[in-house]
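The values are calculated or read from the model by the stated rules, or taken from the named source; none is laboratory data. Keep in mind that what you see is a predicted model, and the values were worked out from it rather than measured. Cβ: placed from backbone, ideal geometry, glycine included. Neighbour counts: every protein chain shown. SASA here: full protein model, heavy atoms, side chains in, ligands and nucleic acids out. Shrake-Rupley method; radii C 1.70, N 1.55, O 1.52, S 1.80 Å.
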Amino acid sequence: MSVLLLVRHGQASFGAKDYDALSRVGHEQAQVLGAALAARGVVPVRVVRGAMRRHEGTATEVVAAAGWDLAPQVDEGWDEFDHQRVIEAHRPAYRNRTLMKADLARTLKPMRAFRDMFDQAVARWVTGEHDGDYPESFSDFAARVRAALLRTMEGMPDSGLTVVVTSGGPVAVVAADLLAGDLSAWARFNRVTVNTGVTKVVSGGSGLSCVSFNDHAHLDHDRRLLTYR
């Protein structure tokens with residue numbers, strides 16, 4: 001039986017000029033996860049990551065902290081969807097990031113306002129009724145992630161373990177497919193994925209099974225490290 005651990009990246013730099021870079025907390029989360037995996041005796045045969053900076057930073061920190069002698073392989077199929085383009089299709093004026101930040105600041109609860117607006121933007125994208133407004137439709141995104149999952153599983157030796165560093169959206173596609181049987185629960189899974197949360201998928205005689213979702217016990221000792229963005 002082969003095992004796949006899907007790791008959501010550490011906290012990105014929300015509100016900064018470069019969102020894709022890990023925050024200080026994001027680096028710490030990844031280091032804590034790497035140490036926790038090593039303490040559990042986890043030794044992967046491969047580490048795969050998406051092509052985004054937050055994937056690279058997380059994979060680098062996890063591998064170093066765990067002491068694994070592995071160079072992460074890159075597969076763009078594990079990249080997150082373009083959240084900015086999804087927002088802009090919902091509210092075209094928000095192509096101007098300064099305007100978006102100003103609008104959110106006026107609510108006095110900018111994080112909550114962003115979350116509500118983002119949920120509405122994602123809901124519009126997921127319907128499939130406006131696919132022409134997006135460079136990648138939701139169905140195309142899901143197909144890309146499914147293809148990445150198949151590539152990863154096909155390259156795994158029997159009884160081997162692979163760690164994949166990716167994002168919340170791809171993790172939610174895999175979890176929804178394997179636990180709910182379709183993507184109807186994707187938004188709910190996506191909303192609750194924790195930074196450096198670990199989802200475990202096993203491959204056996206009956207195919208793929210998701211045996212745990214979003215495990216973040218390695219963060220329980222410090223509530224400061226429990227983040228969702």
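Would you pick out the residues in segment 154-170 that are more than 27 Å from ALA12 (Cβ to Cβ) and in contact (Cβ under 8 Å) with a residue 12 or more places away in the chain? Those that are more than 27 Å from ALA12 (Cβ to Cβ) and in contact (Cβ under 8 Å) with a residue 12 or more places away in the chain: GLY155, MET156, PRO157, ASP158, SER159, GLY160. From the list ALA148, ALA180, ALA175, ALA143, the one residue that fits, being in contact with a Cys (Cβ under 6 Å, 6 or more places away or on another chain) and either in contact (Cβ under 8 Å) with a residue 60 or more places away in the chain or not hydroxyl-bearing (Ser, Thr, Tyr) (or both), is ALA175.
Filtering ALA113, ALA102 for residues that are without any contact (Cβ under 8 Å) to a residue 12 or more places away in the chain, open to solvent by less than 70 Å² (accessible area, probe 1.4 Å), closer than 18 Å to TYR228 by Cα and out of contact with any Pro (no Cβ under 6 Å at 6 or more places or on another chain) leaves a single hit, ALA113.
When MET156 is tested against (1) out of contact with any Pro (no Cβ under 9 Å at 6 or more places or on another chain); (2) assigned to a helix (DSSP H, G or I); (3) among the aliphatic types (A, V, I, L, M), just one condition goes unmet, and that condition is (2).
Name the helices (runs of 4 or more DSSP H) wholly inside segment 18-133 in which the number of residues that are modelled with pLDDT of 95 or more and farther than 26 Å from LEU219 by Cβ is 2 or more.
83-90, 110-127
The residues of segment 163-187 that are among the polar types (S, T, N, Q) and either under 14 Å from CYS210 (Cα atoms) or within 16 Å of the chain's Cα centre (by Cα) (or both), listed by number, are THR166, SER167.
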